[in-house]
Amino acid sequence: MTAFSLEPAQLAWCAELRALAAERLRPLAGKGEPGRVNRALLAELGALGLLPRLFTSGALELCLMRESLAHACTEAETALALQGLGAHPIHAHGTDAQRAHWLPRVAAGTAVAAFALTEPAAGSDAAALSLTATPATPGAPGARPDGADGWRLSGEKCWISHAPEADFYTVFARTTPSAGARGVTAFLVPADRPGLTGTALDMLSPHPIGALAFDAVPVTADDVLGEVDRGFRVAMDTLNLFRPSVGAFAVGMAQAALDATLGHTTRRDAFGGKLKDLQSVAHQVAEMALRTESARLMVYAAATAYDEGAPDVPRRSAMAKLLATETAQYVVDRAVQLHGARALQRGHLLEHLYREVRAPRIYEGASEVQRSIIAKELYKNLEDR
């Protein structure tokens, strides 16, 4: 890792995190079942003090955590990130009672959080959500069933990480029909609410992902995160924070693949010498390193912009996620090619990374969405001049 934009203390902390991930987290990850929540791993993340840092860290520190953990244990990185994604709306927009009830349990790793935004027909177009929140008493908006204002949630969510095993979900539902992004409300929904069911999905990546079905699930005003009809802001605030750190996750995987390739090409005999002595190989490795370092610096820049409250955070976050995830795909693919068939064997580091690296180009806004955000922000700045 370069020291160009990091202090010695930050570099030392990253090294410590990589060591912890290799020595204490990777063995627990290996005992987990693919596609299931690894509660023992979450508890260890809490015991190490990493989950509590989700609520005290800035964007850059979050990126350093995710990059460092991803380098040695992608399962630990993903478990930490999903806790943050699901619980950040409570931390940033929740009531005192919501925070007091859930955040200590999230920080300890005893409560599993999930961020439920995506729907079958509303993935990248988050403003097109169709999960409906209707007044609990039909025809009487603002009615107070059972002594509290309430709604009933009906519809579906899909491709939700940690579903259906999470203990609570940050759910985005439409409270005002035909209002686009302005008619969405965020709700904190415990998993044991009547009418809420879920099923696991068998996906390429090994972390748990599922679908949720809402059959008139009751929620009240006490479950609202932020303000009614202002939930899209909650979602975008969360995604703007986590998008650069998705890039950090990708950089961590790219660096792991690059390190493995450097070791392999140094040891591997080929054509009368070492593989690294072939110019075609050396140039590929140089390109892998160049792209990884470029992505890392853009991630750090976007995170720093977020921490400093810069006005161009959406553009920088989109650029960082786009460049880093596309870079990681390239680097891991090149690493597999240079390793040959051994990299395709089940259990090999690169086989694992090859399955992990594909999803980040889709979730939290696909690469195409990031390009649209970048272009929109560029033209918006032109109009504002």
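Tabulated data for the structure shown
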| read-out | value |
| --- | --- |
| Residue match in segment 273-284 (condition: aliphatic (A, V, I, L, M) and buried (at least 24 other Cβ atoms within 10 Å of the Cβ)) | no |
| Residue within segment 89-104 that is touching a Phe, Trp or Tyr at 6+ places or on another chain (Cβ under 6 Å), in contact (Cβ under 8 Å) with a residue 40 or more places away in the chain and surrounded by 24 or more Cβ atoms within 10 Å (Cβ to Cβ) present | no |
| Residue within segment 90-97 that is in contact with a helix residue (DSSP H, G or I) (Cβ under 8 Å, 6 or more places away or on another chain) and closer than 27 Å to residue 347 by Cα present | no |
| Filtered residues of segment 156-175 (kept if among the acidic types (Asp, Glu) and either closer than 19 Å to residue 220 by Cα or in a strand (DSSP E or B) (or both)) | 156, 167 |
| Residue check, residue 212 under 24 Å from the mean Cα position of the chain (by Cα) and modelled with pLDDT of 95 or more | yes |
| Conditions (1) assigned to a loop (DSSP other than H, G, I, E, B); (2) touching a Gly at 6+ places or on another chain (Cβ under 7 Å); (3) not polar (S, T, N, Q): number failed by residue 186 | (1) |
| Residues being more than 30 Å from residue 337 (Cβ to Cβ), touching a His at 6+ places or on another chain (Cβ under 8 Å) and either surrounded by fewer than 23 Cβ atoms within 10 Å (Cβ to Cβ) or among the hydrophobic types (A, V, I, L, M, F, W, C) (or both) - total across segment 215-260 | 6 |
| Neighbours by Cβ (under 6 Å, 6+ apart or cross-chain): first from segment 68-79, in the same structural domain as residue 28 (by TED's automatic domain parsing); second in a helix (DSSP H, G or I) and aromatic (Phe, Trp, Tyr) | 70/249; 77/249 |
| Test result for residue 211, surrounded by fewer than 24 Cβ atoms within 10 Å (Cβ to Cβ), farther than 20 Å from residue 88 by Cβ, in contact with a Ser or Thr (Cβ under 8 Å, 6 or more places away or on another chain) and of a type in the set (A, V, I, L, M) | yes |
| Test result for residue 64, touching a His at 6+ places or on another chain (Cβ under 6 Å), assigned to a helix (DSSP H, G or I), in contact (Cβ under 8 Å) with a residue 12 or more places away in the chain and closer than 27 Å to residue 296 by Cα | no |
| Unmet requirement for residue 79, which otherwise passes all of (1) surrounded by fewer than 22 Cβ atoms within 10 Å (Cβ to Cβ); (2) in contact with a His (Cβ under 8 Å, 6 or more places away or on another chain); (3) under 26 Å from residue 234 (Cα atoms) | (1) |
| Qualifying positions in segment 105-137 - in a strand (DSSP E or B), crowded, with 22+ Cβ neighbours inside 10 Å and aliphatic (A, V, I, L, M) | 113, 114, 116, 133 |
| Hits in segment 203-238 - residues which are under 29 Å from residue 33 (Cβ atoms) and in contact (Cβ under 8 Å) with a residue 60 or more places away in the chain | 203, 204, 205, 206, 207, 208, 209, 212, 214, 215, 217, 238 |
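The values are calculated or read from the model by the stated rules, or taken from the named source; none is laboratory data. Only a predicted model underlies this, so the values are computations on that prediction, with no experimental measurement involved. Cβ coordinates were reconstructed from backbone atoms using ideal geometry, including for glycine residues, and neighbour counts include every protein chain displayed.
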